[in-house]
Amino acid sequence: MELPTPEDLRQRRTDLGLTQSELADRADVSQPLIARIEGGDVDPRLSTLRRIVNALEAAESDVIRAEDLMHEEVVSVAPEDPVSEAAKRMKTEAYSQLAVIQDGIPVGSISQSDLVHLDAEARDEPIEKHMSESFPTVSKDATLDEISNLLDHYKAVMITEAGETVGIITEADLAARLS
């Protein structure tokens, strides 16, 4: 068993967004002890170290990640598909926007508001002529806070792994999770 270094403990704590006081409360130790351990001023007893590590592990399980929220099935269209296909798919799926994906990679988005301004002749044109920018992408381990911040500015967030689309999260998914 390899014991964590003071730097390891500090890094895990800060990655979880915990203050020294919050970690101390969770581990049932004092904040000055956490500060001294992280500073390398004191070597804790094994039982104390175990309580701190257990508190960090419990905090990690409290963090909601993208993979906990995402829909693996991504309803999308291809850039070369006609605009009419996007409109049809939005109506069928009852979605107000769709991701535009080419070879597994998000390349744009198209929404009902993009389609409203088009004339009848545009129905047969490729989506790529009328699509908007792609939704932002994050990895499966992105946190709820990161996703929430992105959804303040975008209609959806794409989840990718090694560049390939593996899921999507929308404001509706976030609202459903929080309720």
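A few notes on this one:
- Straight-line cross-link reach from Lys129 at under 12 Å between alpha-carbon atoms covers these aspartates and glutamates, not counting any fewer than eight positions away in the same chain: Glu80, Asp81, Asp114.
- Using a Förster distance of 25 Å, the FRET efficiency for Glu22-Glu146 (Cβ separation, nearest 0.05): 0.80
- Theoretical ellipticity at 222 nm over the chain - DSSP helices of four or more residues, -39500 (n - 2.57) apiece, nearest 500: -12500 deg cm²/dmol
- Between the listed residues Pro4, Ala27, Pro136, the Cα displaced farthest toward the positive end of the dipole of the chain, a dipole computed from Cβ unit charges relative to the Cα centre, is found at Ala27.
- Carbon and sulfur %, accessible surface of the chain computed with the full protein complex present, 1.4 Å: 45 percent
- Between Glu67 and Asp124, the simple label model (points 7 Å from Cα in the Cβ direction) yields a spacing of 4.7 nm.
- The range 1-77 and the range 107-136 have Cα centres lying 45 Å from one another.
- The heavy atoms of Tyr154 offer some 80 square angstrom of accessible surface to a 1.4 angstrom probe.
- Surface exposure of the chain, expressed per residue as accessible area with a 1.4 Å probe, stands at 59 Å².
- Globularity index of the range 35-158 is 1.63 (Cα radius of gyration / 2.2 N^0.38 Å, N = number of residues).
- Sequence of Asp152, Asp81, Asp103 from largest to smallest accessible area, 1.4 Å probe: Asp103, Asp152, Asp81
- Phi angles of the range 138-144 translate, via the Karplus equation with coefficients 6.51, -1.76, 1.60 and θ = phi - 60°, into HN-Hα couplings of 9, 8, 4, 8, 4, 8, 4 Hz per residue; Gly and Pro are given as x.
The values are calculated or read from the model by the stated rules, or taken from the named source; none is laboratory data. This structure is a prediction, so every number in the text was calculated from the model and none was measured. Here Cβ is always computed from backbone atoms with ideal geometry, including for glycine, and neighbour counts include all displayed protein chains. Just the protein is used for accessible areas: all its heavy atoms, side chains included, with ligands, DNA and RNA removed. Shrake-Rupley method; radii C 1.70, N 1.55, O 1.52, S 1.80 Å.
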